[in-house]
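S.K.: Below is the structure I would like to discuss, written out as structure tokens.
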Amino acid sequence: MLSEELSRELDEQEPDFEALQAAVASVRQLTSRLRKTRAPRQLLRDVKSDVAALVDRLASYDYQGPYQQRRLIMHEADLTANAARDTNDPAEFFPYSPVIGPLNGVAPPIRFDFDGEQMHAAHVFDAPYNGPPTAVHGGVIALVFDELLGTLGALRDIGGFTGTLNIRYQSLTPIGKTIRMRAWIDRREGRKCFIKGTMQHDDRICAEAEGIFIRPKISMLEHAMKTQADD
């Protein structure tokens, strides 16, 4: 086990949460503006130069991994199966998630709400997530479903790795409109957990999903690290 002193030292290596969250939010705004821009060439060249300068300033502070969604710096406790969870807030549990993470610039981020049994969300997708005309990209929908279902399993303490994810696209998922989402546990069979979910706009179902999540015999992170080492 990590000593309290070492745990404190690792925590101190983490970036300031509020400062990083604000910086990441600004990057999302930049991404959105660039996706929709009609700006003149010189302004875009200025943006390129300004962003390149910021990238250079940040470069020496990169953490080289390994990476996970829970936090930046990995702790020994993260490798423990059935480790105690300190929050039921999905965004606090996975702050680096590419879907819900406030500290991940590629995340929309969608606000998931866990009621103790099911997962709920309501989100308006912006232009960077466009696929077909007027609609959200199908791959983005799959990514969101994977996280919606998987996070529910994690917060119900019965989650695991995605084994299969089946999606039925019933209608276009509109950009710029409120999309409501829900996920629930359908059943369990041994180490397999079957989780279902829906996305809808108003009363119209846009997509449905069913995932099979397989819980490893050891912690998910320990399993992933062992697999990586074996490669």
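Since every read-out is calculated from the coordinates, none of them should be taken as a lab result. Since the structure is predicted, the reported quantities are computational estimates derived from the model, not experimental observations. Cβ placement follows ideal geometry from the backbone for every residue including glycine, while neighbour counts extend to all protein chains displayed.
S.K.: Would you mind getting the Kirkwood hydrodynamic radius of the chain from its Cα pairs, rounded to one decimal in Å? Show your work: numbers first, answer last.
M.R.: Details: mean 1/r = 0.0512 Å⁻¹.
19.5 Å is the Kirkwood radius here.
S.K.: Could you give the nm distance between label points at Asn166 and Asp89, where each point is 7 Å from its Cα heading toward the beta carbon?
M.R.: About 3.7 nm separates the two model spin labels.
S.K.: What's the local net charge at Ala142, with K and R +1, D and E -1, over the other residues with C-beta under 13 Å away?
M.R.: With Lys, Arg at +1 and Asp, Glu at -1, the neighbours total -3.
S.K.: Stretched out fully, how many nm does the piece from Leu30 to Arg188 gain, at 0.36 nm a residue minus the Cα gap?
M.R.: The span from Leu30 to Arg188 would gain 52.6 nm if fully extended.
S.K.: Which loop-located GluC sites (Glu not before Pro) does segment 87-161 contain, where loop means any DSSP state but H, G, I, E or B and the Cβ has at most 16 other Cβ atoms within 10 Å?
M.R.: Numbers: sites: Glu92, Glu117, Glu147; in loops: Glu117.
Of the GluC sites (Glu not before Pro), the ones in loops of segment 87-161 whose Cβ has at most 16 other Cβ atoms within 10 Å are Glu117.
S.K.: Taking the Cα centre of segment 110-223 as origin and charging only Cβ (+1 Lys, Arg; -1 Asp, Glu), how large is the dipole, in debye to the nearest 20?
M.R.: So the magnitude is around 260 debye.
S.K.: Loop by DSSP (not H, G, I, E, B), at most 14 other beta-carbon atoms within 10 Å: where is the longest site-free stretch of the chain for chymotrypsin sites (Phe, Trp or Tyr not before Pro)?
M.R.: Result for the longest clean stretch: 68-231.
S.K.: Which one, Gln200, Leu54, Pro15, is farthest towards the positive end of the dipole of the chain when Lys and Arg carry +1 and Asp and Glu -1 on their Cβ?
M.R.: With unit charges placed on the Cβ atoms, the residue in question is Gln200.
S.K.: As I understand it, the dipole of the chain uses +1 on the Cβ of Lys and Arg and -1 on the Cβ of Asp and Glu, about the Cα centre. Which of Ala122, Gln170, Val24 lies farthest toward its positive end?
M.R.: Gln170
S.K.: Separation between the Asp50 and Glu18 pseudo-spin-labels, each 7 Å from Cα along Cα→Cβ, expressed in nm?
M.R.: Going by the 7 Å Cα→Cβ label model, 2.5 nm.
S.K.: Loop sites only, by DSSP: take the trypsin sites (Lys or Arg not before Pro) in the chain that have at most 13 other C-beta atoms within 10 Å and name the longest stretch containing none of them.
M.R.: 86-190
S.K.: Another question about this same structure. I need to check one value: relative contact order of the chain, counting alpha carbon pairs closer than 8 Å and at least 6 residues apart, in percent.
M.R.: Working: 370 pairs, mean separation 36.7, N = 231.
After rounding, I find 16 percent.
S.K.: Normalised by the number of residues in segment 110-223, what is the relative contact order in percent for Cα pairs under 8 Å and 6+ residues apart?
M.R.: 28 percent.
S.K.: Right, something else. Work through the residues other than Glu189 whose Cβ is under 15 Å from its Cβ and net out their charges, Lys, Arg +1 and Asp, Glu -1.
M.R.: Around Glu189, the charge tally is +4.
S.K.: Another question, then. In the chain, which whole DSSP H runs stretch at least 20 Å along their own axis (Cα) and average 0.5 or higher on the Kyte-Doolittle scale?
M.R.: 138-155
S.K.: Under a crude label model (7 Å from the Cα following the beta-carbon direction), how far is Ala142 from Arg204 in nanometres?
M.R.: Result for the modelled spin labels: 2.4 nm.
S.K.: Once the piece of chain linking Ile214 and Lys177 is laid out straight, how much longer is it, given 0.36 nm per residue of separation minus the C-alpha distance between them?
M.R.: Value of the extension gain: 10.0 nm.
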